[in-house]
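Below is one structure, written out as structure tokens; the observations come after it.
The values are calculated or read from the model by the stated rules, or taken from the named source; none is laboratory data. All values reported here derive from a predicted model rather than from experimental measurement. Every residue, glycine as well, gets a Cβ built from its backbone with ideal geometry; the counts of neighbours run over all protein chains shown. Protein only, heavy atoms only, side chains kept; ligands, DNA and RNA dropped before computing areas. Shrake-Rupley method; radii C 1.70, N 1.55, O 1.52, S 1.80 Å.
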Amino acid sequence: PKMIFVMRLANMGLAVTMIVCSILTMISLPTPAVWVLSIYATCGALLICVLETQLKFLRVMVAMNFGFLFNAIWRFLFYVLMGSVSWAFKNLFGRAVGIAFVAVAFFNTYILCRYPSYRKMREKIAEEEDKRIEQRISKDVKKKAVSSMLGRK
């Protein structure tokens, strides 16, 4: 549906805006605490970009390490956290991005709950990724078992 596309565009646009905001904050040479928050904000926004591009080779990594983004409630909490980090920059741009994050958090939650077909599609993709992850893990375990049997590290 069109609303899902709008949600994904809003997520991507907000993530890019957060990256710009956090880099501008870092350039202004703030206190060390705000500088660390800026790095955290940049990483969180990059994570949102990776999630929304849905590149196949990155999807496994995102699913393995950041599975909370596939759950409406956990995603809501993550977006609120990102909004509070942005709010902590204590400048007009940071406050605006913080408010936008909270608004988009509610919008994401609404869309993910309103369109269960999107959620089911994401779950199907996640199941496929789980199978790939299990295959990758068993392959790695087999490699390590063979190498340990042969005395290699």
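Below is a table of values for the structure above.
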{"quantity": "Region 102-135, residues that are modelled with pLDDT of 80 or more and either over 29 Å from SER84 (Cα atoms) or acidic (Asp, Glu) (or both)", "calculated": "GLN135"}
{"quantity": "Residue that is most open to solvent (accessible area, probe 1.4 Å) [pool: residues in region 21-52 that are touching a residue at least 40 places away in the same chain (Cβ under 8 Å) and of a type in the set (Val, Ile, Thr)]", "calculated": "VAL34"}
{"quantity": "Cross-chain or 6+ apart pairs with Cβ under 7 Å, region 76-93 first and in contact (Cβ under 8 Å) with a residue 60 or more places away in the chain, then open to solvent by 80 Å² or more (accessible area, probe 1.4 Å)", "calculated": "PHE93/LEU24"}
{"quantity": "Meets criteria (touching a Cys at 6+ places or on another chain (Cβ under 7 Å) and in contact (Cβ under 8 Å) with a residue 40 or more places away in the chain) for MET18", "calculated": "no"}
{"quantity": "Residue ID - farthest from VAL60 (Cα to Cα), chosen from residues in region 131-153 that are of a type in the set (A, V, I, L, M, F, W, C) and surrounded by 10 or more Cβ atoms within 10 Å (Cβ to Cβ)", "calculated": "VAL146"}
{"quantity": "Region 53-86, residues that are modelled with pLDDT under 80, open to solvent by less than 70 Å² (accessible area, probe 1.4 Å) and outside any helix (DSSP H, G or I)", "calculated": "GLN54"}
